[in-house]
1. Which fully enclosed helices (runs of 4 or more DSSP H) of segment 130-237 have 3 or more residues being open to solvent by 40 Å² or more (accessible area, probe 1.4 Å)?
2. For residue 127, state whether it is at pLDDT 95 or above and either assigned to a loop (DSSP other than H, G, I, E, B) or not small (Gly, Ala, Ser) (or both).
3. Within segment 1-59, can you find the residues that are among the hydroxyl-bearing types (Ser, Thr, Tyr), surrounded by fewer than 21 Cβ atoms within 10 Å (Cβ to Cβ) and within 16 Å of ligand 1 (Cβ to nearest atom)?
4. Which residues, taken from segment 159-204, are β-branched (Val, Ile, Thr), over 19 Å from residue 111 (Cβ atoms) and more than 16 Å from ligand 2 (Cβ to nearest atom)?
5. Mind listing whichever residues of segment 65-105 are of a type in the set (D, E, K, R) and open to solvent by 50 Å² or more (accessible area, probe 1.4 Å)?
Amino acid sequence: MVQKLQLLHEGKAKKVYSTNNPHELLLEFKDDATAFDGQKKGRIREKGALNLAISVLLFEYLEKENIPTHFIKKISTTEMLVKAVKIIPVEFVVRNWTAGSLAKRMGIEEGIKLKKPILELYYKNDELRDPMINEYHIEAFELAERQHIEKAKEYSFAVNDALIRLFESVGIILADFKLEFGIDSKDEVVLADEISPDSCRLWDAKTMEKLDKDRFRRDLGRIEEAYREVLKRLETRR
Ligand code: TMP
Ligand code: ASP
């Protein structure tokens, strides 16, 4: 029996609890939504449960594709048990289409398919608003070890290939997404955090309708419906 013990950390979208097993943590997904590094705040009904269900589905799928993840099992509609890992303070953003900050930075419109995927690294630090960094910063500031970053980069592209295929099969374009990685007790890199419409840009392949957190960021409405649609389509692939 898993016991939910102490609240160790409360993030913007999740709470992390210790359990009776020191090698396992419990993640509780919240309905709270933030954007622009916490400047915009709100709540999306059922978001915790929807993001949990979508993350579980995607982690299980990625494990089958030989990508190790922190996921152990689902505990309730909003809680999952995960491996306790040391989170690498770097966000790995993979992009297949122009959107968001890339479109802005390059002065280009959204919705253009890139010739090849782009991987960007950001320093995970809310106060600094997650600045973009590169591998020299990671080494100079000792944010992570070189071999861990190499492995995380390899997994980022492998996740991209696998998720493009999966989403394509349910009529969804994976425009971009963000991953986080952790180091487990055996010094292995594993995929951590969540993969959900909060951390991905997902577009309906026919209509290009947004099915992700941009609906919240840009006040487009029907947010919960969009997340539910993503889950519904993925469930057909189980
Ligand atoms: P961006 O275009 O704002 O840089 O975002 C790229 C992708 O990464 C998008 O799918 C949203 C996701 N993302 C997060 O999950 N968390 C973040 O803090 C940021 C900035 C982006
Ligand atoms: N996740 C970040 C925040 O909550 C940035 C974003 O998604 O726009 O502020």
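1. Details: elements: 135-140, 146-168, 214-217, 223-235.
Counting at least 3 such residues, we get 135-140, 146-168, 223-235.
2. Numbers: at pLDDT 95 or above: no; either assigned to a loop (DSSP other than H, G, I, E, B) or not small (Gly, Ala, Ser) (or both): yes.
For residue 127, the condition - at pLDDT 95 or above and either assigned to a loop (DSSP other than H, G, I, E, B) or not small (Gly, Ala, Ser) (or both) - is not met.
3. Within segment 1-59, just 34 meets the criteria.
4. In the first step, residues of segment 159-204 are kept if they are β-branched (Val, Ile, Thr); the result is 159, 164, 170, 172-173, 183, 189-190, 195.
Among the residues that remain, those that are also over 19 Å from residue 111 (Cβ atoms) are: 159, 170, 183, 189-190, 195.
Once the filter is applied, which keeps residues that are β-branched (Val, Ile, Thr), over 19 Å from residue 111 (Cβ atoms) and more than 16 Å from ligand 2 (Cβ to nearest atom), segment 159-204 yields 159, 170, 183, 189, 190.
5. Here is the first cut: in segment 65-105, the ones of a type in the set (D, E, K, R) are 65, 73-74, 79, 83, 86, 91, 95, 104-105.
Selection gives 65, 73, 74, 83, 86, 104, 105.
The values are calculated or read from the model by the stated rules, or taken from the named source; none is laboratory data. Note that the coordinates shown come from a computational prediction; the quantities given were computed from them, not determined experimentally. We place every Cβ from the backbone using ideal geometry, glycine too, and count neighbours over all the protein chains shown. All accessible areas refer to the heavy atoms of the entire protein, side chains included, with ligands and DNA or RNA removed. Shrake-Rupley method; radii C 1.70, N 1.55, O 1.52, S 1.80 Å.
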